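A.B. asks: The structure follows.
Only the coordinates and a few stated rules stand behind these numbers; no lab work does. Because the structure is predicted, anything quoted here is derived from the model rather than measured. So basically every Cβ, Gly included, is an ideal-geometry build from the backbone, and we count neighbours across all protein chains shown.
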Amino acid sequence: MNIRRMTLDDLAQVIEIDKVSFSLPWPERSFRFEITDNPASRAWVAELNGKVVGAIVAWLLVDEAHIATIATHPDFRRRGIASKLLSHALRMMMNEGALTSVLEVRESNSAAQEMYRKFGFEESGRRPRYYRDNSEDAILMSLYKLEGLKVES
Ligand SMILES: CC(C)(COP(=O)(O)OP(=O)(O)OC[C@H]1O[C@@H](n2cnc3c(N)ncnc32)[C@H](O)[C@@H]1OP(=O)(O)O)[C@@H](O)C(=O)NCCC(=O)NCCS
């Protein structure tokens, strides 16, 4: 499996993964903006045999790496793909000065929370009724010391 920066050529596959992974998928223009216009954005895809099987978008905000979205195609889950993407993204942003990382996750999304805990993220807050489709709370998770990153790439 290869991890590389996301380009506009990946858009169709990334959008497909996003659609089948989230109840509120991002519109195409959001991914386009992240790839072409947002100076804070860092985006990567995981590629297997020429097919995009996972994607991550993060924002590097001074010394904080904010994970904006991450998903693996349902046919390729539980093979370590999201972990590799997250590990790669965090390490690349550490190289650019990130010291901490933060993200929001649905309260009901125990799979993702489990993965984040393995990286050392811990619950640091809650945004009540954050998700507009079902008014679910977002759990804020933080990794305070990227330096001691628990999961190897
Ligand atoms: C969450 C998600 C990104 C994980 O992707 P993945 O490629 O399957 O993740 P990995 O194989 O790297 O899993 C890493 C660890 O996360 C945990 N995990 C992943 N899926 C899990 C599940 N369905 N149930 C319980 N734990 C799970 C496990 O601890 C797993 O390690 P293990 O397989 O050794 O037990 C994927 O399920 C997904 O795309 N979900 C929909 C989108 C989403 O929820 N994104 C996160 C938004 S905050």
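A.B. asks: If eta is 0.890 mPa s and T is 25 °C, what Stokes-Einstein diffusion coefficient results for region 2-148, Kirkwood Rh from Cα pairs, in µm²/s? If you can, show how the numbers build up before the last one.
C.D. replies: Working: Rh = 15.5 Å.
The calculation lands on 158 µm²/s.
A.B. asks: How would you classify region 70-121 from its alpha-carbon gyration tensor, with a ≥ b ≥ c the square roots of the eigenvalues: rounded for a/c under 1.5, else prolate if a/b is greater than b/c, otherwise oblate?
C.D. replies: Working: a/c = 2.40, a/b = 1.40, b/c = 1.71.
Oblate.
A.B. asks: I would also like to ask the following. Taking only DSSP H segments of four or more residues, each worth -39500 (n - 2.57), what value at 222 nm results for the chain once the sum is divided by all its residues, to the nearest 500 deg cm²/dmol?
C.D. replies: Taken over the chain, the calculation gives -9000 deg cm²/dmol.
A.B. asks: Tell me, what is the percent relative contact order of the chain, built from C-alpha pairs under 8 Å that lie six or more residues apart? Intermediate results must be reported in sequence, preceding the final value.
C.D. replies: Values: 276 pairs, mean separation 27.9, N = 153.
Relative contact order of the chain: 18 percent.
A.B. asks: Taking 7 Å along the Cα-to-C-beta vector as the label spot, tell me the Arg127-Glu107 distance in nanometres, rounded to one decimal.
C.D. replies: 1.5 nm
A.B. asks: Here's another thing I want to ask about it. Give me the count of lysine pairs in region 2-148 whose alpha carbons sit under 19 angstrom apart, restricted to pairs 8 or more positions apart or on different chains. Intermediate results must be reported in sequence, preceding the final value.
C.D. replies: Working: Lys19/Lys51; Lys51/Lys84; Lys84/Lys118; Lys84/Lys145; Lys118/Lys145.
Taking region 2-148 as the scope, the lysine pair count is 5.
A.B. asks: Report the gain in length on full extension from Phe22 to Glu47: 0.36 nm times residue separation, minus Cα-Cα distance, nm rounded to one decimal.
C.D. replies: Numbers: separation 25, 0.36 × 25 = 9.00 nm, distance 2.01 nm.
Difference between extended and current length: 7.0 nm.
A.B. asks: Please order Phe121, Phe76, Phe22 by the number of other Cβ within 10 Å, starting at the fewest. Could the numbers behind the result be given before it?
C.D. replies: Numbers: Phe121 24, Phe76 17, Phe22 14.
Result, fewest neighbours first: Phe22, Phe76, Phe121.
A.B. asks: In addition: Can you put Thr7, Thr72, Thr100 in order of Cβ neighbours within 10 angstrom, beginning with the fewest?
C.D. replies: Numbers: Thr7 12, Thr72 22, Thr100 15.
Least crowded to most crowded, the residues run Thr7, Thr100, Thr72.
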